[in-house]
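Here is the structure we will look at.
The values are calculated or read from the model by the stated rules, or taken from the named source; none is laboratory data. This is a predicted model, so every value here is computed, not measured. All Cβ positions, even for glycine, are placed from backbone atoms using ideal geometry, and neighbour counts span all protein chains on display.
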Amino acid sequence: MSQTRFVGKPIARIDALEKALGKTRFMSDLVFPNMLWGKVLRAAYPHARICRIDTSRSEQLPGVRCVLTHRHVMGLNGFGIVKPDQPVLCHDKVRYVGDAVALVAAETESIAEEALGLIQVDYDPLPVVEDPEEALSEYAPKVHEQGNLLLRTKLQKGDVKQGFTEADVTLEQRYSTQLFEHAFLETEGGIGIYDEESGVITVYCGSQYAFRDQLQIARALDWDPKKIRVCSSPVGGAFGAKDEITIQIYLALLAYYTRCPVKIVLSREESFISHVKRHPMRLDVRLGATKVGELKALDVRILSDTGAYASLGGPVLNLALEGAPGPYRIPHTHLLGRAVYTNNGMSGACRGFGATQSCFAMEITLDMMAEQLRIDPIELRLKNVLRRNDLSAIDHLIFTSVGIEETLKIARDSELWRTRDIRKRDFQPPIFYGVGVASEMQALGLGKGIPDFAGVSIELDRDGSFLLRQGCIEIGQGNLVCFLQMAAEVLQCDIERMRLTHGDTFASPDSGSVTASKSIYLVGNALYLAAKTLLQELERFASETIGEPMRYQECELVGPSRRIPLHELAQTAHSQGRQLKGEGHFVHPTSDKDYGDGLPHCLYSFITQVASVVVDAETGMVKVHDVLSIPDCGRAINPQGVEGQCEGGVVMGMSYALLEKVELQHGRFLTDNFSTYTLPTAADAPLTNKTVIVESMEPTNPFGAKGMAEPPNVAICPAILNAIYDAIGVRIFDIPVTPEKLLAEIERQRKI
Amino acid sequence: MLKPVDYLSPTTIDELLRLIELHRDKDYKVLAGGTDLIVRMKEKIEKPDFLIDLSHVEELARIEERANMIYLGAMVTCAHIISSKLLSQSAAILVAACQRLGSPQIRSRATLGGNIANASPAGDTVPPLLALDASLELQSPSRSRTVALESFFRGPGETILDPDELIIAIQFSKPTPDEKGFFLKLGQRSAMSISKISVAGQLHLNMGRTAWIRIAYGAVASTPIRAHAVEDFLRGKSLTPAIITEAAEIAQQTVSPITDIRSTESYRRKMSSILLRRGLEGLMAAAAPPGARSS
């Protein structure tokens, strides 16, 4: 698809105006007649046995409609994407302060809140498991009966021992990352409704995958999934945290028991303590290279603190391991990871999905290697850069597009990189200037062995417009306009001629989860097939009706003697009771290898990011000045959208590097709102934040697209840390690099 | 969720005092801008039955010059201070502190009296007011008194205010044109930030020597503090680089910071030096004749 009319154009998002005007109704905004308010009683301790739950006083409070505990969960009292080890409502034990113990529905929000206070729960507190290392000791208190190890994964290629003997230089370093909050704007909120007559339970609640929510609700309520409707779009931000169930099952239970619409909207504090965070990890990296900069061996060991329940802790660990070697050819690797249960809140999916942590460690190690070998950091990366049809560092064939080399060359030739040493002269002590670079390889899709598909149908409406039925949600990233751009390209019609559904299990086929930067790729493939099928269907119907061979062209059916506008054909079909539609179903390709548990992946996005910083060596303050993001996302369906993802991702990743950290003490949150958990403001954003897009056309997508959402918030973190080193010659190996930490390190290194 | 309260809205100081008298034995709170009180009510730290709102008492919202004194009603907001011509000419350090406080929304609500009465060690308007040697006019139904701002604080959230007493006004001598000052602060981010540390200084240079100087810190002790030891050291001296360095050293000994969620004891102590030095150096650079400034 070289000549395009819609794909590759910066077309305005269809949801932009209503969002800018504040008119968009999110699920938390919905209101129904006779609506009750629901509240959740959270655990009083991070780790405790429940001895007794007494709800009698709460039930007697006037205005209370129901008080529910574990006894009211009709089906499996558990949820979890990979394994359902998180109780819907705890019955014998709580494992983190966000655990739910009881639910209340009442006529007003304040009665519901008062009712929570009247529920009496007797606990027997247990020792809090805080340290993931200690959690693995045989004497450690068990968070779960079967032990505190969630998953251990080992990947290897070649002979790592041999590799290190071939290396002239070996570097070894320990890194650690913090617990990190997604900070989406819309807290978990929505409404459950039970229609007794039809037996349908409807749950309106923003999430990343309505169709999986439907199944998790059905399992917990022992309900026919066909009689559960989930509407989960649009979402006021998620960044991974709404992939897992949040309050959907509570809404369904409360609606079922009260026979009334029940609304829950979490406060920021309740949202903060209950939803998953980005995993804190400890990473030990050992990298060996020859004198000329050939990477020979890599050994990585990761200890991941997954908190109280599994959620996506296993896949996050696995992606951290797969992403650890980065976009480089390394002949000998040994990658070992363990994910461990603790009472430190709960971690799960977060933008980057494990690669955020391992890229941070690997890219700083590479920077140190470049310095040690006296090779330019970009040249070192180029020397080892991964190309299409190479074997990866975990020994699988990369048969999909690889544009990392091009991104590195653009970085190398950029003004920001080339003139970095000249600009240093503009600054005088104690103010220093530095520039750093980092690259990343982000696996897209769910990986080997995990069902990963999208279904789309496109119908011709009676007025000659198209209805595109797809199930992915709009989460703030702007995928809806991209879907329409791709469909418009095939259907040769204006975007205004199309409508689309999103995030409604009763309105469309299942198009998969909006996660792993994958909706554009998968839905794009499926809608291409659907559109092509629909065009054939239109031509066949037109030919039958007219009696001569008709071809579709620009919303007209053209034959040897006649031209029929599409709306006329639609009228004809409608009058005959014919529904003209096309369906498309696409299954994600997979790797030749199978390492289990979703490994490996086969499709990757890449990015190289260059960042400049100004460091005040007396205060330890770091200001990120300029950022250049060079993503390879395959074909950029909407370049403006790609730039938006880059700009936002850069600020999020910058904050991961320098500012944000969830503080816990004995399993309790010291930071539980945006007053104590400090986010960057517009004034903290880089002064310039530019994007240059590399489009390595992906052969397994008809438009050449891959994915975009995650990489810009990943490589930026090590790029900034490398820039700090370039500025003042001090390295920090645990993030965030606060002024306190940096200043202490500056002073420590001067003493040596 | 906020608990419902009875809301009272006096329009004069007399009416205000009568309402306070009337609710003497009740659980009431005086509401100024609400940027601290409402948050504490939401967190259920404060659960008053009555709120007496000061925002309709016009007398409390005035910025005036009275016989070489600057007089600020307790309900003057940060936004009002920032837009005041009188203050930008005569109390630039107070204006600078208000500009760095909170967000535009907070600045349009937050009041000077509220910021002082809240008695946060990190209250941003207090160090400049200490450096301006401000005093407070306090009033209760039974008495009125004037106290030095420096003697107002007892600890975090604690003041000398009687239960039925409130701040009516803040006043200080109008600085002369040859006085100079500085305000510097460090926070976790560039805007909407509670200070990790702040410092304000006001001085009078006479023939190149400090005739007098007042220096005050925020967030480095249990209350905002004056750095008297530094002031005593600098009095009568020329602000040479060596003297400034020595003053900065003394500053470190003067402060008694703690480690909390925003910063550490040792960082705050070091920054008390660095910020003072930068403040004083900035003044000297600005005071140097054209051409003498080293670039």
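State the number of residues belonging to segment A:646-668 that are assigned to a strand (DSSP E or B) and either within 11 Å of chain B (Cβ to nearest Cβ) or of a type in the set (Asp, Glu) (or both). Working first, answer last.
Initial filter on segment A:646-668 (assigned to a strand (DSSP E or B)): A:664-665, A:668.
From the residues that got through so far, the ones that are either within 11 Å of chain B (Cβ to nearest Cβ) or of a type in the set (Asp, Glu) (or both) too are A:665.
Result for segment A:646-668: 1.
When you go through A:146, A:162, A:156 one by one, which is the residue that is in contact (Cβ under 8 Å) with a residue 60 or more places away in the chain, away from chain B (no Cβ under 14 Å), outside any helix (DSSP H, G or I) and not hydrophobic (A, V, I, L, M, F, W, C)? Quick ask: steps written out before the conclusion?
Values: A:146 fails: in contact (Cβ under 8 Å) with a residue 60 or more places away in the chain; A:162 fails: outside any helix (DSSP H, G or I).
Answer to the check: A:156.
List pairs: first residue in segment A:721-745 and away from chain B (no Cβ under 13 Å) and farther than 21 Å from residue A:179 by Cα, second residue surrounded by fewer than 23 Cβ atoms within 10 Å (Cβ to Cβ) and at pLDDT below 95 anywhere in the structure, Cβ distance under 8 angstrom, at least six positions apart or on different chains.
Close Cβ pairs (under 8 Å, with a partner that is surrounded by fewer than 23 Cβ atoms within 10 Å (Cβ to Cβ) and at pLDDT below 95) amount to A:729/A:749; A:730/A:749.
Please enumerate the residues belonging to segment A:211-260 that are part of a helix (DSSP H, G or I) and touching a His at 6+ places or on another chain (Cβ under 7 Å). Walk me through how you get there before you give the answer.
Kept after step one, since they are part of a helix (DSSP H, G or I), are these residues of segment A:211-260: A:211-221, A:225-227, A:248-258.
Across segment A:211-260, the qualifying residues are A:253, A:257.
If you check every pair at least six apart or on different chains, which have Cβ atoms under 7 Å apart with a residue in segment A:655-682 that is without any contact (Cβ under 8 Å) to a residue 12 or more places away in the chain first and a residue that is not in a loop (DSSP other than H, G, I, E, B) second?
Filtered contacts from segment A:655-682: A:670/A:664.
Between B:193, B:140, B:144, which is within 14 Å of chain A (Cβ to nearest Cβ) and of a type outside the set (A, V, I, L, M, F, W, C)?
Working: B:140 fails: within 14 Å of chain A (Cβ to nearest Cβ); B:144 fails: within 14 Å of chain A (Cβ to nearest Cβ).
Criteria check complete, one pass: B:193.
With segment A:497-570 as the region, which strands (runs of 3 or more DSSP E) entirely inside it contain at least 2 residues that are closer than 30 Å to residue A:602 by Cβ?
Details: elements: A:498-501, A:551-553, A:556-558, A:563-565.
Output list reads A:498-501.
Does segment B:75-88 contain at least one residue that is of a type outside the set (Lys, Arg), in the same structural domain as residue B:138 (by TED's automatic domain parsing), on the phi > 0 side of the Ramachandran plot and surrounded by fewer than 15 Cβ atoms within 10 Å (Cβ to Cβ)? Step through it out loud before you land on a result.
From segment B:75-88, those of a type outside the set (Lys, Arg) are B:75-84, B:86-88; that's our starting set.
Those still in the list that are in the same structural domain as residue B:138 (by TED's automatic domain parsing) too: B:75-84, B:86-88.
Now restrict to residues that are on the phi > 0 side of the Ramachandran plot: none.
The answer is no, given that none of the residues of segment B:75-88 is of a type outside the set (Lys, Arg), in the same structural domain as residue B:138 (by TED's automatic domain parsing), on the phi > 0 side of the Ramachandran plot and surrounded by fewer than 15 Cβ atoms within 10 Å (Cβ to Cβ).
I want to confirm something. Restricting to segment B:238-269 and keeping residues that are in contact with a strand residue (DSSP E or B) (Cβ under 8 Å, 6 or more places away or on another chain) and over 23 Å from residue B:287 (Cα atoms), which single residue is nearest to the other protein chains (Cβ to nearest Cβ)? Break it down stepwise before answering.
Residues of segment B:238-269 in contact with a strand residue (DSSP E or B) (Cβ under 8 Å, 6 or more places away or on another chain): B:238-239, B:251, B:254-255, B:257, B:262-263, B:267-268.
After this cut, where a residue has to be over 23 Å from residue B:287 (Cα atoms) as well, the list is B:254-255, B:257, B:262-263, B:267-268.
Numbers: B:254: 19, B:255: 16, B:257: 12, B:262: 8, B:263: 6, B:267: 4, B:268: 9 Å.
Looking at residues that are in contact with a strand residue (DSSP E or B) (Cβ under 8 Å, 6 or more places away or on another chain) and over 23 Å from residue B:287 (Cα atoms), I get B:267.
Just for segment B:79-93: of the residues that are part of a helix (DSSP H, G or I) and touching a strand residue (DSSP E or B) at 6+ places or on another chain (Cβ under 8 Å), which one is modelled with the lowest pLDDT?
In the first step, residues of segment B:79-93 are kept if they are part of a helix (DSSP H, G or I); the result is B:79-83, B:85-90, B:92-93.
Those still in the list that are touching a strand residue (DSSP E or B) at 6+ places or on another chain (Cβ under 8 Å) too: B:80-81, B:86-87, B:90, B:92-93.
Values: B:80: 98, B:81: 98, B:86: 96, B:87: 97, B:90: 92, B:92: 96, B:93: 98.
The qualifying residue modelled with the lowest pLDDT is B:90.
Taking the stated definitions as given, is residue B:101 assigned to a loop (DSSP other than H, G, I, E, B), more than 26 Å from residue B:17 (Cβ to Cβ) and at pLDDT 95 or above? If you could, list the steps in order and put the result at the bottom.
Working: assigned to a loop (DSSP other than H, G, I, E, B): yes; more than 26 Å from residue B:17 (Cβ to Cβ): yes; at pLDDT 95 or above: yes.
Answer is yes for this residue.
Out of all the residues in segment B:104-116, which are buried (at least 24 other Cβ atoms within 10 Å of the Cβ), part of a helix (DSSP H, G or I) and in contact (Cβ under 8 Å) with a residue 60 or more places away in the chain?
Result: B:113, B:114.
Would a scan of segment A:664-676 turn up a residue that is touching a helix residue (DSSP H, G or I) at 6+ places or on another chain (Cβ under 6 Å), of a type in the set (D, E, K, R) and at pLDDT 95 or above? Give the derivation first.
Step one: filter segment A:664-676 for residues touching a helix residue (DSSP H, G or I) at 6+ places or on another chain (Cβ under 6 Å), giving A:669, A:672-673.
Subsequent filtering for residues that are of a type in the set (D, E, K, R) retains A:672.
Checking which are at pLDDT 95 or above leaves us with A:672.
Within segment A:664-676 (the criterion being touching a helix residue (DSSP H, G or I) at 6+ places or on another chain (Cβ under 6 Å), of a type in the set (D, E, K, R) and at pLDDT 95 or above), the answer is yes, since at least one residue qualifies.
Please state which one of A:53, A:81 is of a type in the set (A, V, I, L, M), within 28 Å of residue A:130 (Cα to Cα), assigned by TED's automatic domain parsing to the domain that holds residue A:248 and touching a Leu at 6+ places or on another chain (Cβ under 8 Å). So that I can check it myself, show each step before the final result.
Values: A:53 fails: touching a Leu at 6+ places or on another chain (Cβ under 8 Å).
The conditions single out A:81.
Which numbered condition trips up residue B:4, out of (1) touching an Asp or Glu at 6+ places or on another chain (Cβ under 8 Å); (2) modelled with pLDDT under 95; (3) outside any helix (DSSP H, G or I); (4) not β-branched (Val, Ile, Thr)?
The single condition residue B:4 does not satisfy is (1).
Being charged (D, E, K, R) and surrounded by 24 or more Cβ atoms within 10 Å (Cβ to Cβ) is the filter here, so list the residues in segment A:222-262 that pass it.
A:242, A:243, A:244 - these are the residues of segment A:222-262 that are charged (D, E, K, R) and surrounded by 24 or more Cβ atoms within 10 Å (Cβ to Cβ).
Output the residues belonging to segment B:24-49 that are of a type in the set (A, V, I, L, M) and over 20 Å from residue B:11 (Cα atoms).
Residues of segment B:24-49 that are of a type in the set (A, V, I, L, M), as a first pass: B:30-32, B:37-39, B:41, B:45.
Of everything in segment B:24-49, those that are of a type in the set (A, V, I, L, M) and over 20 Å from residue B:11 (Cα atoms) turn out to be B:37, B:38, B:39, B:41, B:45.
Please give the number of the condition residue B:177 fails out of (1) at pLDDT below 95; (2) within 14 Å of chain A (Cβ to nearest Cβ).
If we test residue B:177 against (1) at pLDDT below 95; (2) within 14 Å of chain A (Cβ to nearest Cβ), just (2) comes out false.
Is it the case that some residue within segment A:607-621 is β-branched (Val, Ile, Thr) and either touching a Cys at 6+ places or on another chain (Cβ under 9 Å) or at pLDDT below 95 (or both)? Steps first, answer last, please.
Pass one, segment A:607-621, residues β-branched (Val, Ile, Thr): A:607-608, A:610, A:613-615, A:619.
Within this subset, residues satisfying the condition of being either touching a Cys at 6+ places or on another chain (Cβ under 9 Å) or at pLDDT below 95 (or both) are A:607.
Yes, there is a match, as at least one residue in segment A:607-621 is β-branched (Val, Ile, Thr) and either touching a Cys at 6+ places or on another chain (Cβ under 9 Å) or at pLDDT below 95 (or both).
Restricting to segment A:93-112, what's the tally of residues that are within 11 Å of another protein chain (Cβ to nearest Cβ) and either under 12 Å from residue A:42 (Cα atoms) or crowded, with 22+ Cβ neighbours inside 10 Å (or both)?
Summing the residues that are within 11 Å of another protein chain (Cβ to nearest Cβ) and either under 12 Å from residue A:42 (Cα atoms) or crowded, with 22+ Cβ neighbours inside 10 Å (or both) in segment A:93-112 gives 1.
Within segment A:544-564, work out how many residues are surrounded by 16 or more Cβ atoms within 10 Å (Cβ to Cβ), touching an Asp or Glu at 6+ places or on another chain (Cβ under 8 Å) and charged (D, E, K, R).
The total comes to 0.
Condition test on residue B:215, is it part of a loop (DSSP other than H, G, I, E, B), out of contact with any Phe, Trp or Tyr (no Cβ under 9 Å at 6 or more places or on another chain) and either surrounded by 14 or more Cβ atoms within 10 Å (Cβ to Cβ) or among the hydrophobic types (A, V, I, L, M, F, W, C) (or both)? Break it down stepwise before answering.
Numbers: part of a loop (DSSP other than H, G, I, E, B): no; out of contact with any Phe, Trp or Tyr (no Cβ under 9 Å at 6 or more places or on another chain): yes; either surrounded by 14 or more Cβ atoms within 10 Å (Cβ to Cβ) or among the hydrophobic types (A, V, I, L, M, F, W, C) (or both): yes.
Taking the combined requirement at face value, the residue does not satisfy it.
Go over the candidates A:288, A:326, A:337, A:293 one by one and state the one that is in a loop (DSSP other than H, G, I, E, B) and surrounded by 24 or more Cβ atoms within 10 Å (Cβ to Cβ).
On the way: A:288 fails: in a loop (DSSP other than H, G, I, E, B); A:337 fails: in a loop (DSSP other than H, G, I, E, B); A:293 fails: surrounded by 24 or more Cβ atoms within 10 Å (Cβ to Cβ).
Within the list A:288, A:326, A:337, A:293, the selection yields A:326.
Here are some residues: A:712, A:680. Which one is within 23 Å of the chain's Cα centre (by Cα) and part of a helix (DSSP H, G or I)? Steps first, please.
Values: A:680 fails: part of a helix (DSSP H, G or I).
Going through A:712, A:680 in turn, just one is within 23 Å of the chain's Cα centre (by Cα) and part of a helix (DSSP H, G or I): A:712.
Please go through segment A:411-448 and give me each residue that is farther than 19 Å from residue A:724 by Cβ and surrounded by 24 or more Cβ atoms within 10 Å (Cβ to Cβ), ordered by number.
Answer for segment A:411-448, where residues must be farther than 19 Å from residue A:724 by Cβ and surrounded by 24 or more Cβ atoms within 10 Å (Cβ to Cβ): A:441, A:442, A:443, A:444, A:445, A:447.
Is there a residue being within 14 Å of another protein chain (Cβ to nearest Cβ) and either in a strand (DSSP E or B) or buried (at least 18 other Cβ atoms within 10 Å of the Cβ) (or both) anywhere in segment A:116-138? Steps first, answer last, please.
Taking segment A:116-138 and keeping what is within 14 Å of another protein chain (Cβ to nearest Cβ), we get A:116-117.
Imposing the further condition that a residue be either in a strand (DSSP E or B) or buried (at least 18 other Cβ atoms within 10 Å of the Cβ) (or both) reduces the set to A:116.
Yes.
I want to confirm something. Restricting to segment B:26-53 and keeping residues that are of a type in the set (D, E, K, R) and part of a loop (DSSP other than H, G, I, E, B), which single residue is surrounded by the most Cβ atoms within 10 Å (Cβ to Cβ)?
If we filter segment B:26-53 for residues that are of a type in the set (D, E, K, R), which is where we start, we get B:26-27, B:29, B:36, B:40, B:42-44, B:46-47, B:49, B:53.
Imposing the further condition that a residue be part of a loop (DSSP other than H, G, I, E, B) reduces the set to B:26-27, B:36, B:43-44, B:46-47, B:49.
On the way: B:26: 10, B:27: 11, B:36: 20, B:43: 11, B:44: 10, B:46: 16, B:47: 12, B:49: 13.
Selected residue: B:36.
Do we find a residue being within 14 Å of another protein chain (Cβ to nearest Cβ) and crowded, with 24+ Cβ neighbours inside 10 Å anywhere in segment A:622-642?
Start the filter on segment A:622-642 by keeping residues that are within 14 Å of another protein chain (Cβ to nearest Cβ), which leaves A:622-625.
Imposing the further condition that a residue be crowded, with 24+ Cβ neighbours inside 10 Å reduces the set to A:622, A:624.
There is at least one residue in segment A:622-642 that is within 14 Å of another protein chain (Cβ to nearest Cβ) and crowded, with 24+ Cβ neighbours inside 10 Å.
Output the number of residues of segment A:14-34 satisfying the condition of being aliphatic (A, V, I, L, M) and assigned to a helix (DSSP H, G or I).
Going through segment A:14-34 one residue at a time, the tally reaches 4.
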